[in-house]
Amino acid sequence: MYELVRSLYPICRSITGEGVRQTLAQLRELIPLEVHQVPSGTAVFDWTVPREWNIRDAWVKNAAGERVIDFQRHTLHVVSYSVPVRARMTLTQLRPHLHTLPDQPELIPYRTSYYQEDWGLCLPHRQLEQLPEGEYEVCIDSTLQDGHLNWGECLLPGELEDEVLLSCHVCHPSLCDDNLSGIAVATFLARELAAAPRRYSYRFLFVPGTIGSIAWLHRNQARTHRIRHGLVLTCLGDSAGFTYKRSRRGEAEIDRALEHVLAHCGAPSELVDFSPYGYDERQYNSPGFDLPVGCLMRSQHGCFPEYHTSADDLDFVRPESLAQSLALLRSVVRVLEDNRCYRSLNPFCEPQLGRRGLYAGLGGTQIRTLQMAMLWVMNQSDGTHSLLDIAQRAGLPFDTVAEAARLLVRGELITATAPPA
Amino acid sequence: MYELVRSLYPICRSITGEGVRQTLAQLRELIPLEVHQVPSGTAVFDWTVPREWNIRDAWVKNAAGERVIDFQRHTLHVVSYSVPVRARMTLTQLRPHLHTLPDQPELIPYRTSYYQEDWGLCLPHRQLEQLPEGEYEVCIDSTLQDGHLNWGECLLPGELEDEVLLSCHVCHPSLCDDNLSGIAVATFLARELAAAPRRYSYRFLFVPGTIGSIAWLHRNQARTHRIRHGLVLTCLGDSAGFTYKRSRRGEAEIDRALEHVLAHCGAPSELVDFSPYGYDERQYNSPGFDLPVGCLMRSQHGCFPEYHTSADDLDFVRPESLAQSLALLRSVVRVLEDNRCYRSLNPFCEPQLGRRGLYAGLGGTQIRTLQMAMLWVMNQSDGTHSLLDIAQRAGLPFDTVAEAARLLVRGELITATAPPA
Amino acid sequence: MYELVRSLYPICRSITGEGVRQTLAQLRELIPLEVHQVPSGTAVFDWTVPREWNIRDAWVKNAAGERVIDFQRHTLHVVSYSVPVRARMTLTQLRPHLHTLPDQPELIPYRTSYYQEDWGLCLPHRQLEQLPEGEYEVCIDSTLQDGHLNWGECLLPGELEDEVLLSCHVCHPSLCDDNLSGIAVATFLARELAAAPRRYSYRFLFVPGTIGSIAWLHRNQARTHRIRHGLVLTCLGDSAGFTYKRSRRGEAEIDRALEHVLAHCGAPSELVDFSPYGYDERQYNSPGFDLPVGCLMRSQHGCFPEYHTSADDLDFVRPESLAQSLALLRSVVRVLEDNRCYRSLNPFCEPQLGRRGLYAGLGGTQIRTLQMAMLWVMNQSDGTHSLLDIAQRAGLPFDTVAEAARLLVRGELITATAPPA
């Protein structure tokens, strides 16, 4: 995963353009990915697909002709969606187009101007302070023309048409945690799931933020009812504990699954309630859709100093953090896959587990966790409690409860009913 | 408001009699007030309107003919509803009729005997201890005769027949916080509301405690269903933080409005659950009516040392406390007036606020509170969440959320549905 | 109760056999008890009634012919349900059949092998360490033959067919807290209830653990719907505070009654949620029955060092603890008996309690608890709140609220509706 992040880092992505297509092409080498496109000018709900933005170069040269700001050195130096410009001007004239972070004077900020025609350059505040007055030459060699919005989609069909949606944004330029980490974890999860049997169908979306998910929802409106669970994946490579932001519903199965898995994962974690600010969960949770889609992060957007700056780089993301994030998602998938209700075939009193070899012999003060899980599953399997309900009530890990259920199914003591509605 | 308190202070009110009528006459100079009357002997539910009590004078003279207790000096010196008496007796004979507060020896207690024929006088315990044995002359120049129970009513019709009830008791003699403060705040709130457009109708009741509200409910039983929200107002002039006592329902809109407004008012406040002891909320919340009427106080009745003593005087009530209480009620009224549900006209994905001039341009880490409120209102406006629901879920002040809703209505992004049922 | 414990202590009980019958015979001298029997080999749900086990003697003799382990000295020395054995063997051969507690080296453990043919002896670990190598003679003079499973049942019919079930296990040998304490408290509660008028019918079960309750449920399946409330009684003689383990439903009336009574009992107490491990509540709460049966204990099974050892003896159980447990159960019975809903006959406004002699005269800052309870009962008696609901909401003891209700019934202010469903 870290190698994928490293490989994608230099590409200058935006919400449209070659950067996104190059990124999707790389992912396609790892997973089966369909690349979709929607032409500029297409109306998608309240929005219009913008013109396509591409950039070759951008710089500011001083009087000596030296590049004092150079896009070739860092993609963040140019404000995304800057219109082309080529002009000479004094520093005073240039200054309104220069963006810095006075409180973090060594870092280049990340700025965009998607829906308002403008141009700008970003640089460390320290550097701005050291620029001498005088004349400069500025060049933004970009194009803003009719073209396409693109996204990548990887559908892994399962036994059920019901889908699990995993969505990550692919529009940020050289920022690692936000969101090359989400892209990498999603890609590797898709690769694993593609190789295993699946009850649910899994749909991975690699979409430009906001406009991409809106365009996808617009085109797929008639089948969003199939989405039973969903997660937006972002900022999964830093070293912080996990943060799960609940769906708008707040108590959807995906919310309860994450709450359970995080409580048992051994890493620090935090649950935060839904709010309509953040990533593409904003769109999935808009009231007309109200999909049960939460957002899994480590550090939370806007709450860490490296956020949307050049410090969100290859050092900020750690291979072991990516691995731990992927492992957590594996646990989530196991819960979603295995969570269902059972009905006891022996509802009156306990079954004699001992006779079936499911119970240790001599009575002592200890009972093993798995046996306890079997007692819980037998007791709660009246067709109304899912294994996740049982795990939560019993305070036991889901995997133990699911293992108990497998043993009891094999012992013909319970039988699966429908998955929870 | 403080001037009104000062002006009403000397009047000897009781549950019937001239004191109440004089008080209502003063209020009538400030607000449109209908004065109602019910004759003595009228049955009102389980109760009977008592005879009317009036008092001209009351005193105890010592052997030298000096007034050692003198009603002219303080209305609390006489037990309210004392039957007339004129007699000479020894201190030993007099003593059972003398009421003091041994733990607060400098204060005159407030005592009543409405429903049991008796007479008595109240004085500081210190004074009682210093009275020499010997003969005294006692006079209570009162009358207890058929007459009327009175109350004042100020109805301010609004767009809706649905009413907000604001009730305060007017039966206490020279006690400032309990309840000249409630009377003053209610009067000035009525004056303000009379001058403004109103969605709800507002009904202000100035009623003698218990028997007054019972008589009003008896006479108005057929239209109590119009009362959508209500507050009993009392003890609003002292310097303590606010206390809101919930209605019997506990989660009525008025309860939620007060909880919200108090949480954002900047002053310390406390919420207490309903109990069937207190002021006229006891009657409004009786099970046959079960009206959503809470009680707003600063200090709680029975819980502060000045309660029902001569220390509840013009010093105990502060002009700035009265002003702050009125300001709080203004906020409550704004919540009730503006709280309604909206339905999004753009339910699928977010609207493009930027295109409508509702969103700041360059993406940064800060988003202004009002923009956040707009996102919340858009996200939650599916016709089931009121603005108060949204404000509570978002943790934002109601006024900000209401302002966001106004902007969104203007932008044709939401439309009002019915007010919450 | 302590004398009964002392008298039952020496008997070697098991899940079948003479020990249980002798125990039931002793109880029959105190309360009307029917003794039931089910033959060995009878299928009861998933289980089969085992053969009957009886034991006359058991010992291990050393080379000198001295009894180094002697069942006559303590019934715990033999593993319950040990098959007969008579053999000479070396200590090495004997050792797999010897059970000790290395962490509690002075105590004899309690071990059983009901459903797996085996034999064994239990002894203090200290003693095992001191046994010299060499040859020993071992004898278990037991029988394991077709016979019966027995239990005792005491039904006290009340006005209603609805039943309160009180169940305790009678299968443990010389262990005092677990469960001679439960047997003694149940017996004396039955004796008291037999002498008093009863609204509910009370059914006391003295059953061998697990197989006994299963057999009872099997035979009485058609009438378990009559069980409105139930408690398993165990470990009620030690000095710890009370522990109540909720029923599977968690909020059944019995759960709420215990929560209330424990909160007001003055002793420390703990509430724990249902889990499917423990005593016979496991069977009563199996999903096919789902009866509202909790479990009342002092120390919790498995959580105290004396549990299932020879230290659970006549010193561990205290007469005053047994008495306090019985007193607590009396309070629980009072709640169950008196808990019902009332409807106000005076729902509009408060009644004038004073006119009925139910209210103290002169208004002061104090109101007595009983008057407060009357106000609460009047306020809440709309037919939907039981007295227990009211007591909980008011924070008053149930007995006070019930006394208030009696006064209000007498004053014709409320009337009983049906008991809570």
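All of the numbers you see were taken from the coordinates with simple rules; none came from a lab. Only a predicted model underlies this, so the values are computations on that prediction, with no experimental measurement involved. Quick reminder, even Gly has a Cβ in these numbers, built from the backbone with ideal geometry, and neighbours come from all protein chains shown.
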Margin query: With viscosity set to 0.692 mPa s at 37 °C, what whole-number translational diffusion coefficient in µm²/s follows for the stretch C:33-187 from Stokes-Einstein and a Kirkwood radius over Cα pairs?
Written below: 184
Notebook entry, point to check: Amide H to amide H under 5 Å from B:Gly288: which residues, 5+ apart in sequence or cross-chain, H placed 1.01 Å off N in plane?
Noted result: C:Phe348, C:Cys349
Check: Which of B:Pro50, B:Pro109, B:Pro351 moves most in a GNM of chain B, Cα contacts under 10 Å?
Finding: B:Pro351
Check: Along the axis that rotates chain A into chain C, which residue of chain A has the nearest beta-carbon, and what is the gap in whole Å?
Finding: A:Glu251, 11
Margin query: Which of the three applies to the stretch B:208-351, rounded, prolate or oblate, going by the alpha-carbon gyration tensor with a ≥ b ≥ c and a/c under 1.5 meaning rounded?
Written below: oblate
Checklist line | Mean separation of Cα contacts under 8 Å, 6 or more apart, over the residue count of chain A: relative contact order % | finding: 16
Item checked: P(r) of the stretch A:212-261 over all Cα-Cα pairs, binned every 10 Å from zero, in whole percent -> 20, 42, 31, 7
Notebook entry, point to check: DSSP beta bridges in chain B, what fraction antiparallel, as a percent rounded to 5?
Noted result: 65
Check: If you look at just the Cα atoms of the stretch A:144-303, how large are its Rg and its Dmax in Å?
Finding: 15.1, 50
Margin query: At 7 angstrom along the Cα-to-beta-carbon line, where would the label on C:Gly241 sit relative to the other copies? Give the distances in nm, shortest first.
Written below: 2.9, 2.9
Next item on the list: Please report, in whole Å, how far the alpha carbons of the stretch B:165-236 spread along each principal axis, starting with the longest.
Entry: 35, 30, 14
Notebook entry, point to check: Using 7 Å Cα-to-Cβ label points, what is the A:Leu160/B:Asp70 separation (nm, one decimal)?
Noted result: 8.9
Margin query: I want to check the label-to-label distance for A:Glu320 and C:Cys303. Put each point 7 Å from Cα in the C-beta direction and report it in nm to one decimal.
Written below: 3.8
Margin query: Over the stretch C:17-85, what portion of Cα pair distances is larger than 15 Å, expressed as a whole percent?
Written below: 68
Next item on the list: Per residue of the stretch C:233-244, in order, report the coupling 6.51 cos²θ - 1.76 cosθ + 1.60 (Karplus, θ = phi - 60°) as ³J(HN,Hα) in whole Hz, putting x for Gly and Pro.
Entry: 10, 7, 6, 9, x, 7, 9, 6, x, 7, 10, 10
Notebook entry, point to check: Which distances in nm, rounded to one decimal and ordered from shortest, link the label point of B:Leu271 to the equivalent label points in the other identical copies, with labels set 7 Å from Cα toward Cβ?
Noted result: 2.1, 2.1
Checklist line | Ellipsoid semi-axes in whole angstrom, largest first, where each is sqrt(5λ) of the Cα gyration tensor of the protein assembly as shown | finding: 61, 61, 26
Item checked: Rounded to whole Hz, the Karplus (6.51, -1.76, 1.60) HN-Hα couplings of the stretch C:158-167, x for glycine and proline -> x, 4, 9, 6, 4, 10, 10, 9, 10, 10
Next item on the list: Within the stretch C:154-194, list the GluC sites (Glu not before Pro) lying in a DSSP loop whose Cβ has at most 14 other Cβ atoms in a 10 Å radius.
Entry: C:Glu159, C:Glu161
Checklist line | For chain A, built as a Gaussian network whose Cα springs stay under 10 Å, the top-fluctuating residue of A:Arg56, A:Arg355, A:Arg219 | finding: A:Arg355
Notebook entry, point to check: Got a sec to turn the phi values of the stretch C:339-345 into Karplus ³J(HN,Hα) couplings, 6.51 cos²θ - 1.76 cosθ + 1.60 with θ = phi - 60°, whole Hz, x for Gly and Pro?
Noted result: 6, 7, 9, 10, 10, 5, 8
Check: Taking amide hydrogens as modeled 1.01 Å from N in the peptide plane, which residues meet the under 5 Å criterion relative to A:Val78, leaving out close sequence neighbours?
Finding: A:Cys122
Check: Please state the relative contact order of the stretch A:341-416 as a whole percent: Cα pairs under 8 Å, 6+ residues apart?
Finding: 47
Notebook entry, point to check: By how many nm would the segment from B:Glu3 to B:Met89 grow when fully extended, if each residue of separation counts as 0.36 nm and the alpha-carbon distance is taken off?
Noted result: 26.8 nm
Note to self: What's the magnitude of the charge dipole for chain C around its Cα centre, counting Lys and Arg as +1 and Asp and Glu as -1 at the beta-carbon? Answer in Debye, nearest 20.
What the structure shows: 1120
Note to self: Averaged across A:341-350, how many Cβ atoms of other chains sit within 10 Å of each residue's Cβ atom?
What the structure shows: 6
Next item on the list: Using amide H atoms built 1.01 Å from N in the peptide plane, name the residues 5+ places from B:Asp57, or on other chains, whose amide H lies under 5 Å from its own.
Entry: B:Asp141
Check: For B:Arg226, C:Arg248, what's the fewest-to-most ordering of other Cβ within 10 Å of each Cβ?
Finding: B:Arg226, C:Arg248
Notebook entry, point to check: Shape call for the stretch A:341-416 from the C-alpha gyration tensor, a ≥ b ≥ c root eigenvalues: rounded (a/c under 1.5), prolate (a/b greater than b/c) or oblate?
Noted result: oblate
Item checked: By average C-beta atoms within 10 angstrom, highest first, the peptides C:176-186, C:22-32 -> C:176-186, C:22-32
Next item on the list: Give me the orientation-averaged projected area of the Cα convex hull of the stretch C:55-108, in nm², one decimal.
Entry: 4.3
Item checked: Residue-averaged beta-carbon neighbours from other chains (10 angstrom radius) around A:277-289 -> 4
Next item on the list: Please work out the ratio of the alpha-carbon Rg of chain A to 2.2 N^0.38 Å and round it to two decimals.
Entry: 1.17
Check: What is the stretch B:52-145's relative contact order, in percent, from Cα pairs under 8 angstrom and six or more apart in sequence?
Finding: 44
Note to self: Given axes a ≥ b ≥ c from the Cα gyration tensor, I'd like to know whether the stretch A:54-145 is rounded (a/c under 1.5), prolate (a/b larger than b/c) or oblate.
What the structure shows: oblate
Check: Which distances, shortest first and in nm, link B:Arg223 to the matching position in the other copies, using label points set 7 Å out along Cα to C-beta?
Finding: 6.1, 6.1
Note to self: Nearest 500 deg cm²/dmol is fine: what mean residue ellipticity at 222 nm does the protein assembly as shown get from its DSSP H runs of n ≥ 4 alone, each adding -39,500 (n - 2.57), divided by its residue count?
What the structure shows: -8500 deg cm²/dmol
Check: Counting Lys and Arg as +1 and Asp and Glu as -1, each charge on the Cβ, what is the dipole of the protein assembly as shown about the Cα centre in debye, to the nearest 20?
Finding: 1880
